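Okay, so here's the structure we're looking at.
Nothing in this text is a laboratory measurement; each read-out follows from the coordinates by a stated rule. Not measured: the values here are computed from a predicted model. Cβ coordinates were reconstructed from backbone atoms using ideal geometry, including for glycine residues, and neighbour counts include every protein chain displayed.
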Amino acid sequence: MARRTKKVGSTGRFGPRYGTRTKKVIREIEKIQRKRHLCPKCERYALKREVAGIWVCKKCGAKIAGGAYFPRSPTAEKILRTLTE
Ligand SMILES: [Zn+2]
């Protein structure tokens, strides 16, 4: 299949709008957000983002509350670190 977007990736939908810098930042976030993540329950890479803050495992069906764009937000990491210390 021919690649439609060579550089812009998921931000191709914005066309020439909003500037290249802004789009680059969004591109990086969306790349991670759409990727399959590690499920903490069955430990398989099947965790997918359903809506902001909710992650669903495609293998075991687990529903997990997490960050809006990543299963573990940087803030959550910080809190968990403090709790385990
Ligand atoms: Zn799972």
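Selection over segment 46-65 of residues that are in a loop (DSSP other than H, G, I, E, B), within 13 Å of the ligand (Cβ to nearest atom) and either surrounded by 13 or more Cβ atoms within 10 Å (Cβ to Cβ) or in contact (Cβ under 8 Å) with a residue 60 or more places away in the chain (or both) gives a count of 4. Of the set (1) assigned to a strand (DSSP E or B); (2) out of contact with any Asp or Glu (no Cβ under 8 Å at 6 or more places or on another chain); (3) near the ligand (Cβ under 10 Å from one of its atoms), all apply to residue 41 but (1). Evaluate segment 23-33: report whether one residue or more is more than 10 Å from the chain's Cα centre (by Cα), of a type in the set (D, E, K, R), in a loop (DSSP other than H, G, I, E, B) and surrounded by 13 or more Cβ atoms within 10 Å (Cβ to Cβ). No; the residues of segment 23-33 include none that is more than 10 Å from the chain's Cα centre (by Cα), of a type in the set (D, E, K, R), in a loop (DSSP other than H, G, I, E, B) and surrounded by 13 or more Cβ atoms within 10 Å (Cβ to Cβ). Taking the conditions (1) surrounded by 14 or more Cβ atoms within 10 Å (Cβ to Cβ); (2) more than 16 Å from the ligand (Cβ to nearest atom); (3) outside any loop (DSSP other than H, G, I, E, B) in turn, residue 80 satisfies each one other than (1).
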